[in-house]
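Reading through the structure tokens given below for one structure.
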Amino acid sequence: MSIRERLSGNEAAAIAMKQINPDVVAAFPITPSTEIPQYFSTFVSNGTVDTEFVAVESEHSAMSACIGAESAGGRAMTATSANGLSLMWEMIYIASSLRLPIVMSLVNRAVSGPLNIHCDHSDAMGVRDSGWIQLFSENNQEAYDNLIMAHQIAENKDVLLPLMVCQDGFITSHSIENIELIEDDKVKEFVGKYEPEHYLLNHEEPIAVGPLDLQAYLFEHKKQQADAMVAAKKVILEVSERFEKMTGRKYGFFEEYKLDDAEIAIVCMNSTAGTAKATCDKLREQGIKAGVLKVRVFRPFPAEEIAKALSKLKAVAVLDKADSLNAAGGALFEDVTSGMFVNNIHVPTVNYVYGIGGRDTTVTDIEKVYKDLEEIVKTGDIKNPYRYLGVRGDN
Amino acid sequence: MTENEINSKTPYQDLTIGGNIYKAGNAKEFKTGDWRSTTPCFIPEKCKQCGLCYPVCPEDSIPVKDGKRLDFDFDSCKGCGVCAKVCPFGAIEMK
């Protein structure tokens with residue numbers, strides 16, 4: 001029997017890490033992810049886990065220690081947010097290019113400045129091209145479930161890529177909600193033992209990791225990474241299916257909410273999906289055919305699958321909780337629209353940058369988006385495809 | 001797969017991931033002598049085989065056989081000139 005609990009998103013992540021019981025956790029505190037290593041260090045002190053906890057002096061060192069531990073043949077995990085991830089930047093690329101399946105819990109927060117500690121997705125979007133798998137979570141349950149699935153995806157022989165599980169800072173990380181935990185022994189069995197083929201501490205096979213890789217080689221190694229990211233799509237679905245067999249909770253690349261007969265839909269990630277679903281329900285009562293597509297797997301990006309799921313709609317709004325500041329639109333919008341274009345699917349699509357720096361996004365805000373979509377369907381005129389939702393001074 | 005089988009013609013499918021090298025003791029296969037900008041020239045007529053030059057070479061680029069030094073190993077010599085500095089007899093000239 002699964003265990004019913006009430007936990008915050010950070011507690012859920014820390015408990016997932018406890019059940020995974022990795023060899024090494026190296027982390028540095030930063031709001032709003034601080035509690036994850038804090039709770040985890042309690043498990044270490046209490047002897048609940050066998051993990052070596054490395055209290056490093058910065059996030060750059062946290063990722064470096066994870067890289068060292070993972071190359072040595074161990075399972076390494078960390079947690080961070082925003083500027084902490086920014087300080088890891090250099091090592092983020094080293095981790096993925098050395099093909100080390102490190103798992104990170106990323107509690108999304110605005111990358112300063114001016115100084116802001118609240119939720120948006122600018123941290124995750126900053127590393128979207130770094131070769132990490134990125135899974136997004138609507139609530140504490142999904143943050144927990146995604147972490148339990150993480151190692152089986154990342155460590156797969158066809159993948160071998162690091163993976164980050166994202167959840168919204170404060171909105172999810174500090175909200176206490178009901179959650180269903182899996183029994184310790186079941187998690188242990190599901191996560192399995194990490195047995196890398198090659199690792200530094202294998203005295204039978206001395207190896208070199210991260211050697212000089214100049215013009216004759218880096219190009220080919222990048223192609224290997226690209227192929228691994230493509231292969232990850234199949235592995236993510238396989239692992240999700242096994243997870244569903246264990247828990248009954250179904251996960252795919254994305255969740256389609258009332259999309260079957262929908263005419264207008266919102267595409268978004270993380271906690272806003274909850275608000276969008278509630279709005280959708282409200283509009284359905286009024287006879288408006290609204291739907292939601294919640295992206296779970298952002299890297300690898302399921303471009304073709306999303307394009308097909310949106311193909312029957314009359315208008316789509318893509319919500320970005322980070323701006324690319326490129327004078328064209330947010331990252332999710334660009335990926336969704338390019339996916340549609342490449343697959344020859346042409347649905348009027350509009351972008352809303354929203355919730356920057358932790359600004360609340362309410363049912364009323366989302367309702368306005370659906371109303372705008374109805375207008376686009378009626379007139380066929382998008383006017384401005386790159387909008388800010390609810391910003392002061394905008395008409 | 002060892003680095004011996006990998007070269008600049010190897011297709012990406014046959015490369016080790018991340019460029020890992022699954023064999024030890026292969027640094028000598030990397031010809032770092034390519035980096036050299038000045039070159040030491042050994043003048044055997046002036047050499048007294050005093051033995052001062054080869055212990056100071058940071059790259060072990062002065063081969064020694066039966067207690068006598070031979071000409072430079074240019075596969076690894078980076079032309080630092082330390083050997084020329086310590087030679088009391090002017091038997092090494094940097095060019």
Quick check: is even one residue across segment A:29-49 among the aromatic types (Phe, Trp, Tyr), under 20 Å from residue A:188 (Cα atoms), part of a strand (DSSP E or B) and at pLDDT 95 or above?
no
Regarding segment A:233-252, can at least one residue be identified that is touching a strand residue (DSSP E or B) at 6+ places or on another chain (Cβ under 6 Å), more than 17 Å from residue A:304 (Cβ to Cβ) and not in a helix (DSSP H, G or I)?
no
Hand me the list of helices (runs of 4 or more DSSP H) wholly inside segment A:71-189 holding 1 or more residues that are within 14 Å of chain B (Cβ to nearest Cβ).
A:82-97, A:140-154
So which of A:327, A:290, A:315 is more than 14 Å from the chain's Cα centre (by Cα), small (Gly, Ala, Ser) and within 25 Å of residue A:250 (Cβ to Cβ)?
A:290
Given the conditions (1) touching a His at 6+ places or on another chain (Cβ under 8 Å); (2) free of Cβ contacts under 8 Å to residues at least 12 places away in the same chain, which single one is not true for residue A:322?
(2)
Given the condition within 23 Å of residue A:98 (Cα to Cα) and touching a strand residue (DSSP E or B) at 6+ places or on another chain (Cβ under 8 Å), answer yes or no: does some residue in segment B:3-12 qualify?
yes
Determine, yes or no, whether residue A:236 is modelled with pLDDT of 95 or more, crowded, with 18+ Cβ neighbours inside 10 Å and touching a Cys at 6+ places or on another chain (Cβ under 9 Å).
no
Given the residues A:186, A:157, which is the only one that is under 20 Å from residue A:227 (Cβ atoms) and more than 17 Å from the chain's Cα centre (by Cα)?
A:157
If you take the residues of segment B:6-55 that are at positive phi and without any contact (Cβ under 8 Å) to a residue 12 or more places away in the chain, which of them is farthest from the other protein chains (Cβ to nearest Cβ)?
B:25
Give B:92, B:21 a once-over and let me know the one that is surrounded by 11 or more Cβ atoms within 10 Å (Cβ to Cβ) and within 30 Å of residue A:223 (Cα to Cα).
B:21
Those residues of segment A:12-33 which are without any contact (Cβ under 8 Å) to a residue 40 or more places away in the chain and under 20 Å from residue A:118 (Cβ atoms), in sequence order
A:29
Output the number of the condition that residue A:281 fails; it satisfies all remaining conditions of (1) within 28 Å of residue A:22 (Cα to Cα); (2) away from chain B (no Cβ under 14 Å).
(1)
Considering only segment A:154-178, state which residues are over 18 Å from residue A:273 (Cβ atoms) and out of contact with any Ser or Thr (no Cβ under 9 Å at 6 or more places or on another chain).
A:154, A:155, A:156, A:157, A:158, A:159, A:160, A:163
Filtering segment A:336-362 down to residues that are in a helix (DSSP H, G or I) and exposed (fewer than 13 other Cβ atoms within 10 Å of the Cβ) yields A:342
Report whether or not residue A:192 is more than 12 Å from chain B (Cβ to nearest Cβ) and loosely packed, with under 14 Cβ neighbours inside 10 Å.
yes
Inspect segment A:212-229 for any residue being in a loop (DSSP other than H, G, I, E, B), surrounded by 18 or more Cβ atoms within 10 Å (Cβ to Cβ) and either more than 14 Å from chain B (Cβ to nearest Cβ) or at pLDDT below 95 (or both) and give the result as yes or no.
no
Kindly indicate which of B:34, B:71 is under 12 Å from the mean Cα position of the chain (by Cα) and under 30 Å from residue A:222 (Cβ atoms).
B:34
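The values are calculated or read from the model by the stated rules, or taken from the named source; none is laboratory data. A quick note: this is a predicted structure, and the numbers were derived from the prediction, not measured. Glycine also receives a Cβ, built like all others from the backbone with ideal geometry; neighbour counts cover every protein chain displayed.
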